[in-house]
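A.B. asks: Have a look at this one.
Coordinate-derived values only; no laboratory data. Values in this document were obtained by computation on a predicted structure and should not be read as measured data. So basically every Cβ, Gly included, is an ideal-geometry build from the backbone, and we count neighbours across all protein chains shown.
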Amino acid sequence: TEFISVSELANLMDVSFAEVISKCMSLGIMVSINQRLDAEVIELVASEFGFDVEFINMEKQAEMEEEDDVDNEEDLSPRSPIVTIMGHVDHGKTSLLDYIRSANVVAGEAGGITQHIGAYQVSLPNGKEITFLDTPGHEAFTAMRARGAKVTDIAVIVVAADDAVMPQTREAISHAQAAGVPMIFAVNKIDKDGANPQKIYEQLSQMNILVEEWGGKFQSQEIAAKKGLNIDKLLEKILLEAELLDLKANPNREGTGTIIEASLDKGRGYVATLLVENGTLRAGDLVVSGQHYGRVKAMFNERNKREDAAGPSAPAVILGLNGAPQAGEKFKVYADEAEAKEIANRRAQILREQGMRAKKHITLDEIGRRL
Ligand code: GDP
Ligand code: MG
């Protein structure tokens with residue numbers, strides 16, 4: 001197999017192609033700038049420049065990482081919606097999340113939610129559930145989207161009725177639109193003097209967003225987050241939107257989903273908050289996420305209660321990974337420890353090499369592509 005050209009090799013090593021050509025000549029190999037080199041020559045020349053070369057089989061890697069088959073329709077059951085609350089600073093996102101969280105604590109567990117884990121699930125009086133992503137707003141959403149994660153089903157855009165549609169309101173709207181996530185507008189602080197929801201609807205209409213009151217398709221709800229006014233109505237609208245989306249998952253398969261946040265805890269090791277999107281994650285499962293892996297040593301819900309399993313749309317905190325995956329990284333359960341380890345390690349290796357030409361190491365695809 002011929003791999004890369006002389007100029008590409010020079011590029012990888014950060015030297016000029018003339019240096020590569022003259023090095024080849026001194027080794028008795030005559031090459032031109034666009035000539036492709038075989039593995040033996042690459043190794044030889046690279047070693048002259050102090051590099052070692054590694055050949056990775058990307059097709060095998062891709063095969064190992066291949067997505068599982070899609071679920072059969074008959075295996076799917078309804079799952080609860082995953083909601084992100086976005087909006088301009090001080091318009092009331094935290095107040096809304098806090099109110100919903102404290103007002104919907106499961107009986108007997110009052111005050112039980114002390115953990116801030118980046119996501120929580122509330123049970124409503126009608127038995128339905130909603131999962132809220134409680135990440136610091138736009139950054140996390142953007143970070144996750146940048147990693148290709150689409151974890152949110154519905155975006156609630158909070159706009160303060162005593163203020164206006166602001167830059168971060170617009171940003172939130174364009175994020176949701178770009179991600180193809182339906183929006184519900186929560187017009188907040190209607191208890192305040194000077195609150196003028198109509199002005200907000202008008203400003204939204206100038207962005208081609210017509211709320212239902214204005215004859216459009218977007219649901220909106222006037223609320224006062226701090227006092228908890230009309231929050232029940234907002235939650236009903238979220239459930240209505242979710243019904244239209246017909247969200248489904250297969251709880252009877254191995255868990256897959258997305259990391260919400262992860263960090264190193266002094267006493268407990270690596271702690272990761274994740275969201276199960278399909279299947280069921282169980283304590284003891286072998287999880288791979290990005291370049292990290294490990295067996296789920298223990299699993300907790302947002303009330304810090306130990307759990308054995310987390311199904312579709314459930315957030316969970318897990319212990320046992322050998323590192324902290326980045327927010328937005330996917331996770332997957334593997335049956336075979338050697339396979340899990342190999343996948344994680346190969347990813348780690350590729351990542352290491354991507355940004356580290358200085359480390360004098362080159363990775364090439366075994367079938368000839370440059371990585
Ligand atoms: P965030 O930056 O979007 O998370 O906004 P916060 O939830 O921190 O709220 C910003 C400020 O607005 C705080 O002082 C809240 O107490 C206040 N606030 C939030 N919701 C309401 C509301 O419904 N009515 C009134 N009067 N104040 C509110
Ligand atoms: Mg806040």
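A.B. asks: Roughly speaking, what is the stretch gain from residue 193 to residue 306, that is 0.36 nm per residue apart minus the C-alpha to C-alpha distance, in nm to one decimal?
C.D. replies: Between residue 193 and residue 306, full extension yields 36.1 nm more.
A.B. asks: May I pose another question? Using per-residue counts of other Cβ atoms within 10 Å, averaged over each peptide, order 338-344, 71-77 from highest down.
C.D. replies: 338-344, 71-77
A.B. asks: Okay, moving on. Kindly identify the range 165-235 as rounded, prolate or oblate by the Cα gyration tensor criterion: order the square roots of the eigenvalues as a ≥ b ≥ c, call it rounded if a/c is under 1.5, otherwise compare a/b with b/c, prolate if a/b is larger, else oblate.
C.D. replies: Prolate is the answer for the range 165-235, as a/c is 1.5 or above and a/b outweighs b/c.
A.B. asks: Then there's this: Measure of size requested: the Rg and Dmax of the range 203-312, with Cα atoms as the atom set and Å as the unit; please supply both.
C.D. replies: So, for the range 203-312, Rg and Dmax equal 19.5, 55 Å respectively.
A.B. asks: With a point put 7 Å past each Cα toward its Cβ, work out how far residue 15 is from residue 73 in nm, to one decimal.
C.D. replies: 6.2 nm
A.B. asks: Turning to a different aspect of this structure: Could the peptides 254-262, 306-314 be put in order, highest first, of the mean number of other beta-carbon atoms found within 10 Å of their residues?
C.D. replies: Ranking the peptides 254-262, 306-314 by packing returns 254-262, 306-314.
A.B. asks: Let me ask another. Just to be sure I understand the model, the point goes 7 Å from the Cα along the line to the Cβ. What's the resulting residue 341 to residue 236 distance in nm?
C.D. replies: It works out to 5.7 nm between the two label points.
A.B. asks: For the range 222-261, rounded, prolate or oblate, judged on the Cα gyration tensor with a ≥ b ≥ c (square roots of eigenvalues), a/c < 1.5 rounded, else prolate if a/b > b/c?
C.D. replies: Oblate.
A.B. asks: Please sort 27-35, 324-332, 93-101 by packing, taking for each peptide the average over its residues of neighbouring beta carbons within 10 angstrom, highest first.
C.D. replies: Going from most to least packed, we get 324-332, 93-101, 27-35.
A.B. asks: Fully extended, how many nm does the chain gain between residue 352 and residue 248 (0.36 nm per residue separation, minus their Cα-Cα distance)?
C.D. replies: 33.7 nm
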